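The values are calculated or read from the model by the stated rules, or taken from the named source; none is laboratory data. Source: prediction; values computed, not measured. Reconstructed Cβ throughout: ideal geometry from the backbone, glycine too, with neighbour counts over all protein chains shown.
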Amino acid sequence: MPSVPFPIITLLVFISLLVVMVISKGIPRRGAYITFIMACITLLTLSTSRWESGSLLLGHLQSWLALFLPVVIYRCFSSPSWPVLYLPTAGAGALKLCCPWLTDPLLILLSLGYGYRLLDTAITLSPQTFASKWQELLQPRNMLLLASSYLCVSAGTDLLIALDFAFLTGKEAPILIVLGQLIWLAMVFYGGVKIAYKPASPFTQGSDIPRPPLCTDASNANADRYKIIAARVKDSAFYLNPDLTLALLARKLGMPARHISEAVNTATNSNFSQWINGFRIEKAQQLLTETSLTITEIMLESGFSTKSNFNREFQRITGMSPTMFRGQRKGNLAQCSKIG
């Protein structure tokens, strides 16, 4: 059967990529990519062993691991709230126990669901953010798109195989498996090589925390007004007020709200809320780097009132979760201290 040796080739390629990732240094979110590859290797090892031995036990183990693979991949590349992370998988597991024949539809739904969420996270990394910090956000965004594509391709392959068994008694299943794994290999190999050999961003090498961007095409009047507004907001730390609105800031500055909005939109190509959150995330980055406060304490100290908004904005602006950012900065500081 042509699909039996091919998973072994796929497995060897995944192992090679794992070695490349392990020996490479200075890669943003390297740990997430390593976890992703190790999960895929584990599943492929079980799958290959099952094909060669015909063991029912390995088949059951493989189906359970496949059920948890989407949530593992999602956790590697995102920072979801607890219900989003666990409830769908827990519910699918309960349904599988009660109705084993639902395994394939559950796998397809989980892969599509988590894949869509990763795609949505990648899309929320705004264009204006990319314009100012392209180097440091390109890799995390590509990794989100890669993981999302992997899950969607897995769902599509599972669906085609299920339809093949339902209508063609599985006659085309080997070809579908080979095609699906070829697509996986292309995506994962491309992503691994791109990440492993792309230089780390200036930010990950210890540069200063990025500031809200200024637009060079802004009119002189709006540019001058923006400088004054930004300086007042930063010096007075107005952004630390979680209830800050455009109207409230206008009263504090003694300036028409329309003028503030025009200056911010022209100079930063973002709306008022995104602009204020830029200052808050900058403050959070500083606290994550310089203090040992908990994530919740930093969220409150930075002017956010809800953890979901804090995590979403942090992901949008930096391309990673607060926990991953703190770990990365500690790793950079440790490397600097060794060199020193």
Test: residue in the range 252-263 that is out of contact with any helix residue (DSSP H, G or I) (no Cβ under 9 Å at 6 or more places or on another chain) and at pLDDT below 90: yes
Where a residue in the range 79-105 is within 24 Å of P322 (Cα to Cα) and polar (S, T, N, Q) and its partner, wherever it lies, is surrounded by 14 or more Cβ atoms within 10 Å (Cβ to Cβ) and at pLDDT 85 or above, with Cβ under 6 Å and at least six apart: S79/N311; S79/S321
One residue from S292, S321 being hydroxyl-bearing (S, T, Y) and under 19 Å from the mean Cα position of the chain (by Cα): S321
Residue count, the range 150-182 (criterion: in a helix (DSSP H, G or I) and either of a type in the set (A, V, I, L, M, F, W, C) or surrounded by fewer than 19 Cβ atoms within 10 Å (Cβ to Cβ) (or both)): 23
Identity of the residue in the range 302-313, assigned to a helix (DSSP H, G or I) and without any contact (Cβ under 8 Å) to a residue 40 or more places away in the chain, that ends up surrounded by the most Cβ atoms within 10 Å (Cβ to Cβ): F310
Single residue of L145, L137, L118 found to be of a type outside the set (G, A, S), in the same structural domain as L65 (by TED's automatic domain parsing), in a helix (DSSP H, G or I) and at pLDDT 75 or above: L118
I73 vs. criteria at pLDDT 80 or above and closer than 24 Å to L160 by Cβ: no
Residue within the range 81-93 that is within 17 Å of T157 (Cβ to Cβ), at pLDDT 75 or above and within 19 Å of the chain's Cα centre (by Cα) present: no
Output for the range 17-39, where each listed residue is modelled with pLDDT of 80 or more and over 22 Å from T323 (Cβ atoms): V19
Count of residues meeting criterion [in a helix (DSSP H, G or I), closer than 21 Å to R312 by Cα and in contact (Cβ under 8 Å) with a residue 24 or more places away in the chain] in the range 265-287: 15
Which listed residue is in contact with a helix residue (DSSP H, G or I) (Cβ under 9 Å, 6 or more places away or on another chain) and either under 30 Å from L119 (Cα atoms) or not assigned by TED's automatic domain parsing to the domain that holds Y74 (or both), from A231, A247: A247
Any hit, the range 222-241, residues being touching a Ser or Thr at 6+ places or on another chain (Cβ under 8 Å), over 17 Å from Q274 (Cα atoms) and either modelled with pLDDT of 85 or more or assigned to a loop (DSSP other than H, G, I, E, B) (or both): no
